[in-house]
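Quick notes on the structure that follows.
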Amino acid sequence: EVQLVESGGGLVQAGGSLRLACVASGFAFEDYAIGWFRQAAGKEREGVACILSSGAVGNTYYTNYAESVKGRFAISGDHAKKTVYLQMRSLKPEDTAVYYCAADPNSCPSTDTDYWGKGTLVTVSS
């Protein structure tokens, strides 16, 4: 069974950093694209970043970021640990949300993707 488990959320001050992790199990990790989404209170879920392998040779990946987080967030993966990370720096109060990871076998996940974690809460205080 496909399972995704997020961790690393917490309370930080504006300007601080957090590193989120998404641990995958129950599927061939290398065959899926993994994305991070977030949902703030009262708002719709939105895509944050995505990572997928661009080939079997070396450690080459395609990554994509929402405009609002470019230059501040970085997505990365560890095949041995079956884990995708989201390194967040220069956090702003508007980054406050529940962060979810999602997996899709074909392309970067969308909100219609079938496989989701349960989320981890990130709160950025001012």
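The values are calculated or read from the model by the stated rules, or taken from the named source; none is laboratory data. Here the structure is a predicted model, which means the values were calculated and not measured. Cβ: placed from backbone, ideal geometry, glycine included. Neighbour counts: every protein chain shown. Please note that ligands, DNA and RNA were not included when accessible areas were found on the heavy atoms of the full protein model with its side chains. Shrake-Rupley method; radii C 1.70, N 1.55, O 1.52, S 1.80 Å.
What the table shows:
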| read-out | value |
| --- | --- |
| GluC sites (Glu not before Pro) within the stretch 33-124: DSSP coil, no more than 16 neighbouring Cβ in 10 Å | Glu44 |
| Total charge dipole magnitude, the stretch 14-126, about the Cα centre, Cβ charges on Lys, Arg, Asp, Glu only, Debye to nearest 20 | 460 debye |
| Those trypsin sites (Lys or Arg not before Pro) in the stretch 67-126 that DSSP places in a loop and that have at most 12 other beta carbons within 10 Å | Lys70, Lys81, Lys118 |
| Zero-based 10 Å bins, Cα pair distances in the chain, whole percents | 14, 48, 30, 7, 0 |
| Simple label model, 7 Å out from Cα along Cβ direction - Thr63 to Glu44, nm | 2.7 nm |
| Net charge over other residues, Cβ less than 12 angstrom from the Cβ of Ala74 (K, R count +1; D, E count -1) | +4 |
| Potential extension, Gln3-Thr123 segment - 0.36 nm per residue separation minus Cα distance | 40.7 nm |
| Rounded percent of accessible protein surface that carbon and sulfur make up, the chain, 1.4 Å probe | 47 percent |
| Ranked packing of 30-39, 14-23, most packed first, by mean Cβ within 10 Å | 30-39, 14-23 |
| Whole-number percent relative contact order across the stretch 8-126, with pairs defined as alpha carbons under 8 Å at least 6 apart | 36 percent |
| Exposure of Val122 as accessible area (Å², to 10), given a probe of 1.4 Å and all protein chains | 0 Å² |
| Cβ-defined net charge surrounding Asp95, 9 Å radius [Lys, Arg +1; Asp, Glu -1] | +2 |
